[in-house]
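*Asks:* Encoded as structure tokens, here's the structure I'll be asking about.
The values are calculated or read from the model by the stated rules, or taken from the named source; none is laboratory data. These numbers were taken from a predicted model, which means no experiment stands behind them. Here the Cβ positions follow ideal geometry from the backbone for every residue, glycine too, while neighbour counts run over all protein chains shown.
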Amino acid sequence: MTAPLEIPQGDPALPGFGLRAWRSLRKDWPALLSIVLLVLLALAAILAPLLAPHPPLATYPDGLQANGAPVGPGGDFPLGADPNGRDVLSRLLYGARVSLVIGILANGLATVMGVLVGLVAGYLGGWTETVLMRITDVIMSFPILLFCIALIAVTGPSAKNVVFVIALIYWTALARIVRSLVLSLKEREFVVAARTLGLSHWRIMRKHLFPHLVPTIIVYATLGVASSILIEASLSFLGVGVPVPDPSWGQMIEQGKDYFQIAPWLLFAPGVCLILTVLAFNLAGDWLRDLLDPTAPERR
Amino acid sequence: MSRFLLRRLPQALIVLFGVVTLAFLMTHVVPGDPARLIAGPNASAATVASIHHELGLDRSLGYQYWTYLRQAVQGDLGTSYALQGTSVASAIGHALPVSAAVAVLGVLWEVLLGVPIGIIAAYRPRGLLDRATTFGSLIGLSAPPFWLGLLLLYALAYKSSVFPLSGYSNPYINYLILPSFTLGLGGAAWYARLTRTNMLEALRSPYVQTARAKGMPESVILLRHCLRNVLSPLLTMLGMDLGYFLGGVVVIESVFGLPGVGKLTFDAIGTLDIPMITGAVLFAALFIVVMNLLVDLAYAAIDPRVRR
Amino acid sequence: MSAVVINGLAVTYKRPGRGLRQETFKAVDDVSFTIEPGRTLGLAGESGSGKSSVARALMRVVEPSGGSVLIGGQEVTKLRGGDLRKFRRHMQMVFQDPYDSLNPRLTAGDNIAEALTAAGVSRPDHTSRTRELLDRVGLPAAFARRYPHQISGGQRQRVSIARALAVGPQVLVCDEAVSALDVSVRAQILNLLKDLQDADGLAYLFISHDMSTLRFMADDIAIMRGGRIVEHGPSADVFARPEHPYTRELIAAIPEPGAGRRRRRTAEEVR
């Protein structure tokens with residue numbers, strides 16, 4: 001009958017958490033490297049106007065050779081020029097803004113939706129739960145990318161729509177996880193006690209259920225940013241993401257794909273940026289899982 | 001078992017109904033006017049109106065929905081706007097073999113690459129090989145598939161002409177290997193992780209300890225006792241992937257220029273070909289629902305606890 | 001007026017049966033009793049006998065499938081939504097598991113403050129009220145700042161009692177409230193409960209599988225078996241002249257210090 005006491009070491013709300021986090025980070029060098037990388041990336045995105053050698057949208061005649069092919073890396077264009085004679089490095093730096101902002105915003109929105117739906121469905125149960133979980137099933141039955149493309153085709157491509165569409169499809173996985181957590185949590189005596197006190201549903205969810213979900217939410221939100229960035233890149237690659245001429249990494253790959261025989265750097269630079277960013281979010285998420293929530297299931 | 005089916009089947013039907021409704025709503029609350037797109041920019045208002053009438057777009061949304069639902073149940077998904085005279089069902093029927101071939105080969109690659117890597121990684125946990133495969137699979141998870149595809153095209157089709165660059169003609173298998181490999185490469189990472197986790201779990205179990213104590217060769221323990229533990233989660237993932245791939249993998253088909261269901265949908269979106277978009281999305285979702293159902297049933301057949 | 005009047009209470013659980021049908025399981029069947037203010041009814045029985053279900057139905061944590069529950073004259077089974085929520089302050093519960101009954105992410109003080117919020121006590125008064133409540137259950141005010149995992153099981157149970165008292169109940173249900181505690185701590189908590197009852201005139205529904213605890217606590221005893229009450233009467237009578245064989249079995253199982261061998265023989269004779 002006696003449930004084990006909440007593992008206090010995984011709780012960010014308890015004192016000494018920062019020290020524990022730092023100790024485990026020092027032992028886990030891939031995670032440490034990832035976090036350094038993410039900090040650098042965020043700085044690069046914020047300081048893009050200062051760091052970029054050229055404006056990202058400016059076209060330069062000397063970025064193209066006499067035969068119309070873009071010039072390679074070196075000289076005035078450290079990472080080469082693109083088929084329109086624009087500086088690849090500058091576009092990469094500005095592209096980091098798009099990837100990060102869209103990835104984080106979309107996934108943040110998805111997290112809020114997923115937690116709300118999972119919490120309400122799991123706690124209230126009954127018809128509310130049946131309806132919410134069937135909606136979740138329906139959305140999960142659509143192939144993610146196809147669904148996004150169709151939705152964006154209908155709503156029109158824009159950065160804002162990309163964020164909403166990704167959020168609209170990505171909340172489902174977290175909703176399921178949160179619901180199953182809440183189902184077991186609401187049988188715990190302190191939650192039953194909160195009910196018998198006559199606290200409102202909203203307060204029980206906010207004060208007695210939600211805080212126990214936080215470690216899991218942090219883990220999945222971090223991992224989810226990686227997926228959201230990948231989806232944004234795929235959408236931009238297919239031409240239904242961030243509209244031209246604003247640079248996004250996926251879109252840069254799309255614009256480079258017809259030239260990759262003569263200008264492979266057009267693929268390598270944004271591709272490497274994408275991989276490193278997504279990898280860093282994945283590694284950071286895995287580290288957070290080990291730290292906060294070792295029992296969390298592997299996602300897919 | 002039949003009890004489980006009795007409970008699970010209506011659930012799948014409800015989800016399917018939701019899928020049809022959502023697919024319909026998604027494409028019929030369009031701000032753009034497909035009639036105007038068909039008629040062309042110079043058409044008169046009267047022409048647009050007559051096309052409207054022809055397509056049934058002048059009827060109420062409820063009526064359109066009811067008609068669509070009634071016909072969809074009979075397998076009639078309507079007629080394409082863009083490809084005049086072509087029924088959506090037959091267009092999908094033509095594209096399906098391509099997607100199916102990529103899907104089956106893709107899943108095959110996933111298993112062929114992922115499972116052995118997972119076994120090797122589990123053999124000496126935390127060893128060099130384990131770390132290398134863990135890291136490799138993480139990169140596989142993190143790389144955008146379209147980028148992997150382009151990279152493979154660059155190396156194997158452009159630099160050395162082992163495979164054709166793009167398109168789809170006889171001999172078809174040549175055009176399928178790279179796309180399916182690209183598809184399998186990313187997924188293989190998941191299979192490797194799954195295999196590793198479940199193998200390790202089995203290796204720690206009492207019956208493996210007993211087998212070891214009896215002096216059974218390590219290879220027999222790994223392959224006969226532990227691999228069995230991996231089978232049912234593997235089956236789940238396989239079914240889900242197959243369902244997902246069968247509906248067409250847009251990015252891969254677009255990179256390699258394959259005329260599959262994904263490409264069909266993508267092209268339909270460019271021309272606002274609503275019956276085609278709805279039909280293809282519906283079709284893709286149908287595969288996922290059916291495969292999920294099959295996976296659940298297979299799971300229940302293997303593990304009686306699931307039946308509840 | 002009686003604090004608690006329960007009449008023909010029934011609790012039924014459903015579980016999936018053959019096909020799409022549901023099998024039902026009667027956990028509580030036609031249970032009736034009353035408790036006067038300031039008195040304690042001890043409810044005994046083995047695990048699975050339905051005593052916890054009675055408590056939970058009374059608290060409206062599970063829905064009773066039949067019968068009536070009157071708390072201070074108010075029919076509880078008919079209350080819905082906001083009315084039920086407002087009425088809940090009249091009946092409170094002390095739970096079994098001191099490791100699980102307090103929210104581990106809130107301090108002891110904040111756990112009690114949740115009850116004050118439910119009772120509509122204004123926020124500025126929370127600190128002083130919490131201090132008073134801690135004092136009533138015999139804990140120093142400094143405990144308000146401690147987390148549940150930083151205090152002992154007995155102390156946690158005191159905080160639980162303070163939380164229940166915070167909303168000013170007329171009825172306190174103690175569901176195996178001392179069973180998880182050491183014997184010495186158990187006695188302290190039982191004495192505390194008795195003191196609180198004398199001071200406030202609380203009615204207790206005291207559930208335990210342990211007859212010696214009940215002999216100490218209860219004015220009346222009800223014995224449950226298989227969802228029904230098989231014996232019911234004043235504590236002294238039940239212990240002196242048990243009528244139902246099952247009751248005799250339970251009483252015979254009470255260990256008596258220094259009398260182990262003799263008692264065990266009596267137990268066999270009784271059978």
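*Asks:* Check whether at least one residue in the range C:173-183 is part of a helix (DSSP H, G or I), on the phi < 0 side of the Ramachandran plot and crowded, with 23+ Cβ neighbours inside 10 Å, and report yes or no.
*Replies:* No, that holds for no residue.
*Asks:* Of the residues that sit in the range A:80-128 and are among the basic types (Lys, Arg) and more than 15 Å from the chain's Cα centre (by Cα), which one is modelled with the lowest pLDDT?
*Replies:* Result: A:Arg86.
*Asks:* With the condition kept exactly as written, say whether any residue in the range C:227-234 is in a helix (DSSP H, G or I) and β-branched (Val, Ile, Thr). Before the answer, list the steps.
*Replies:* Step one: filter the range C:227-234 for residues in a helix (DSSP H, G or I), giving none.
No, the range C:227-234 contains no residue that is in a helix (DSSP H, G or I) and β-branched (Val, Ile, Thr).
*Asks:* Sticking with this structure for a sec: Residues to consider are C:Arg105, C:Arg80, C:Arg131; find the one that is at pLDDT below 90, more than 24 Å from C:Glu176 (Cβ to Cβ) and more than 10 Å from chain A (Cβ to nearest Cβ).
*Replies:* Result of the check over C:Arg105, C:Arg80, C:Arg131: C:Arg80.
*Asks:* Of all the residues that make up the range A:241-261, how many are in a loop (DSSP other than H, G, I, E, B), closer than 19 Å to A:Pro73 by Cα and more than 10 Å from chain B (Cβ to nearest Cβ)?
*Replies:* Here the count works out to 1.
*Asks:* How do the helices (runs of 4 or more DSSP H) wholly within the range B:1-98 filter down when requiring 3 or more residues that are within 14 Å of chain A (Cβ to nearest Cβ), at pLDDT 80 or above and closer than 22 Å to A:Val138 by Cβ: which remain?
*Replies:* Here the list reads B:2-28.
*Asks:* Does the range B:119-128 contain at least one residue that is in the same structural domain as B:Met240 (by TED's automatic domain parsing), surrounded by 23 or more Cβ atoms within 10 Å (Cβ to Cβ) and at pLDDT below 85?
*Replies:* yes
*Asks:* Ok, one more. Yes or no: the range B:134-150 includes at least one residue that is out of contact with any helix residue (DSSP H, G or I) (no Cβ under 8 Å at 6 or more places or on another chain) and either within 14 Å of another protein chain (Cβ to nearest Cβ) or within 27 Å of B:Leu238 (Cα to Cα) (or both). Even if it seems obvious, please write down each step before you answer.
*Replies:* Here is the first cut: in the range B:134-150, the ones out of contact with any helix residue (DSSP H, G or I) (no Cβ under 8 Å at 6 or more places or on another chain) are none.
No, the conditions are met nowhere in the range B:134-150.
*Asks:* Here's a follow-up. Identify, by number, the condition in (1) over 30 Å from C:Val121 (Cα atoms); (2) at pLDDT 90 or above that A:Tyr170 doesn't meet.
*Replies:* With respect to (1) over 30 Å from C:Val121 (Cα atoms); (2) at pLDDT 90 or above, A:Tyr170 is out only on (2).
*Asks:* Something else: Can you name every residue in the range A:149-189 that is within 19 Å of the chain's Cα centre (by Cα) and within 14 Å of chain B (Cβ to nearest Cβ)?
*Replies:* Answer for the range A:149-189, where residues must be within 19 Å of the chain's Cα centre (by Cα) and within 14 Å of chain B (Cβ to nearest Cβ): A:Ile149, A:Ile152, A:Ser158, A:Asn161, A:Phe164, A:Val165, A:Leu168, A:Ile169, A:Thr172, A:Ala173, A:Arg176.
*Asks:* Follow-up. So A:Ala280 clears everything in (1) more than 14 Å from chain C (Cβ to nearest Cβ); (2) part of a loop (DSSP other than H, G, I, E, B) except one condition, right? Which one?
*Replies:* It fails just one condition, (2).
*Asks:* Based on this model, can you work out whether A:Leu235 counts as over 21 Å from C:Arg56 (Cβ atoms), buried (at least 22 other Cβ atoms within 10 Å of the Cβ) and at pLDDT 90 or above?
*Replies:* On the way: over 21 Å from C:Arg56 (Cβ atoms): yes; buried (at least 22 other Cβ atoms within 10 Å of the Cβ): yes; at pLDDT 90 or above: no.
In short, no.
*Asks:* Test A:Val192 against the stated conditions and say whether it is closer than 17 Å to A:Tyr123 by Cβ and either within 14 Å of chain C (Cβ to nearest Cβ) or assigned to a helix (DSSP H, G or I) (or both).
*Replies:* In short, yes.
To keep it simple, each residue is scored yes or no on (1) aliphatic (A, V, I, L, M); (2) in contact with a Ser or Thr (Cβ under 8 Å, 6 or more places away or on another chain).
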residue	(1), (2)
B:Ile177	yes, no
B:Ser180	no, no
B:Gly186	no, no
B:Glu201	no, no
B:Leu234	yes, yes
B:Leu242	yes, no
B:Ile252	yes, yes
B:Gly262	no, yes
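*Asks:* Residue pairs, Cβ under 8 Å, 6 or more apart or interchain, first in the range C:172-186 and within 14 Å of chain A (Cβ to nearest Cβ) and more than 14 Å from C:Leu43 (Cβ to Cβ), second modelled with pLDDT under 85 and surrounded by fewer than 18 Cβ atoms within 10 Å (Cβ to Cβ). List them.
*Replies:* Matching pairs, first to second residue: C:Ala180/A:Met1; C:Ala180/A:Thr2.
*Asks:* Then there is this: Got at least one residue in the range A:65-85 being of a type in the set (Asp, Glu) and assigned to a helix (DSSP H, G or I)?
*Replies:* no
*Asks:* Of the residues B:Thr236, B:Thr278, which single one is closer than 21 Å to B:Val111 by Cβ and in contact with a Phe, Trp or Tyr (Cβ under 7 Å, 6 or more places away or on another chain)? Don't jump to the end; show me each part of the working.
*Replies:* Numbers: B:Thr278 fails: closer than 21 Å to B:Val111 by Cβ.
Only one candidate passes the filter, namely B:Thr236.
*Asks:* Name the one entry in B:Val208, B:Val220 that is over 22 Å from B:Leu112 (Cα atoms), out of contact with any Pro (no Cβ under 9 Å at 6 or more places or on another chain) and away from chain A (no Cβ under 13 Å).
*Replies:* The conditions single out B:Val208.
*Asks:* Another question, if that's okay. When you look at A:Asp62, is it in contact (Cβ under 8 Å) with a residue 12 or more places away in the chain, over 19 Å from A:Gln261 (Cα atoms), surrounded by fewer than 16 Cβ atoms within 10 Å (Cβ to Cβ) and within 34 Å of the chain's Cα centre (by Cα), yes or no?
*Replies:* No, not satisfied.
Conditions tested, residue by residue: (1) in a loop (DSSP other than H, G, I, E, B); (2) more than 9 Å from chain A (Cβ to nearest Cβ); (3) at pLDDT 80 or above.
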| site | (1), (2), (3) |
| --- | --- |
| B:Met237 | no, no, yes |
| B:Tyr244 | no, no, no |
| B:Val251 | no, no, yes |
| B:Leu258 | yes, yes, yes |
| B:Asp267 | no, yes, yes |
| B:Val295 | no, yes, yes |
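*Asks:* Select from the range B:191-235 the residues that are in contact with a Cys (Cβ under 9 Å, 6 or more places away or on another chain) and not in a helix (DSSP H, G or I) and list them in ascending order.
*Replies:* B:Ser205
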